[in-house]
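The values are calculated or read from the model by the stated rules, or taken from the named source; none is laboratory data. The model shown is predicted, which means the values in this text are computed figures rather than measured ones. Note that each Cβ is placed from the backbone with ideal geometry, even for glycine, and that neighbours are counted across all protein chains shown. Just the protein is used for accessible areas: all its heavy atoms, side chains included, with ligands, DNA and RNA removed. Shrake-Rupley method; radii C 1.70, N 1.55, O 1.52, S 1.80 Å.
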Amino acid sequence: MLKKSLLMLSLFLTVALLAGCGSAYGPSPVVEATGPVVDDGPMTAEKILALGLEKSGGAKAMEKHHGMKMTGTFSLPAMGVTAPIEVYQKAPNLMYTRIQSDMFGTIESGSNGSVHWEKSMMSGSKIKTGEEAAVAERQATFNLALKWKEFYDKAELAGEEEVDGTPCYKVIMTPKVGEPETTWIAKDSFLTIKSETTLNSEMGAISIEMNFSDFREMDGVLVPFKTRQVLMGMQEMLITADSMQWDPEFPAGVFELPDDIKALQ
């Protein structure tokens, strides 16, 4: 009974976080499209983020692409749950994510540019509002790295810390809507390897820790193929990309609102 209860809680939290899965596979830094960074003078948050963009491939490499498809595996190790996941994203702000499992059915979420939604056996069908909608809008924005000032008020350097032995810059991003997002950017590679934030949902405040690894080059852009999420300091979720593709041919209607979501409008 306890294991079943923990599984149901994990799945509820999964639904709350599912829209974020796709965003984990964009370029790691959050910066504007600027020219080469001159690395002189004291470090600032925006300089660190700009160096991260440059080291990850640069604005020109990112601007070449207008869509992405990821297929891989989603797992809850403590619960013994493993399921396939697929994510589609298309500029400027279209997104669709699906996890399918014989154990808990299908979990879906998406954005059609103006409506952000989710559906599962746990939550039913839902249109996101308020802070949840604002978070979903950021996550659905393709190449958010190139337009961060549309969504964030400021970036601040909060010192230096180690993450699993890796020296990092600690940068706090304050969104226009939602809780601050703290990121740890490796001093040697300028890749973002960890982030923490809080999502205010129907269940209350959910703390989210994300760790990024297995960075690979995709047509000149470094992208993390593995993401580890820890919810509420206890529930671990792993997302591993098996295949990633820029500018794929999208399935017909993949970004359209499901009928039950239309009915909620």
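Things worth noting here:
- Listed by chain and number, the lysines placed with their C-alpha closer than 28 angstrom to that of LYS187 are LYS47, LYS55, LYS60, LYS64, LYS147, LYS149, LYS154, LYS170, LYS176, LYS226; residues fewer than eight positions away on the same chain are left out.
- Point-charge dipole on Cβ atoms (K/R +1, D/E -1) for region 128-265, about Cα centre, debye to 20: 280
- Sulfur and carbon atoms: percent of accessible area, region 70-138 [1.4 Å]: 48
- Solvent-accessible heavy-atom area per residue, rounded to whole Å², over region 42-188 at 1.4 Å: 42
- Across the accessible surface of region 166-214, with the other protein chains kept in place and a 1.4 Å probe, carbon and sulfur atoms take up 50 percent.
- Sequence-separation-based contact order of region 48-165, relative, with Cα cut under 8 Å and 6+ spacing, percent: 17
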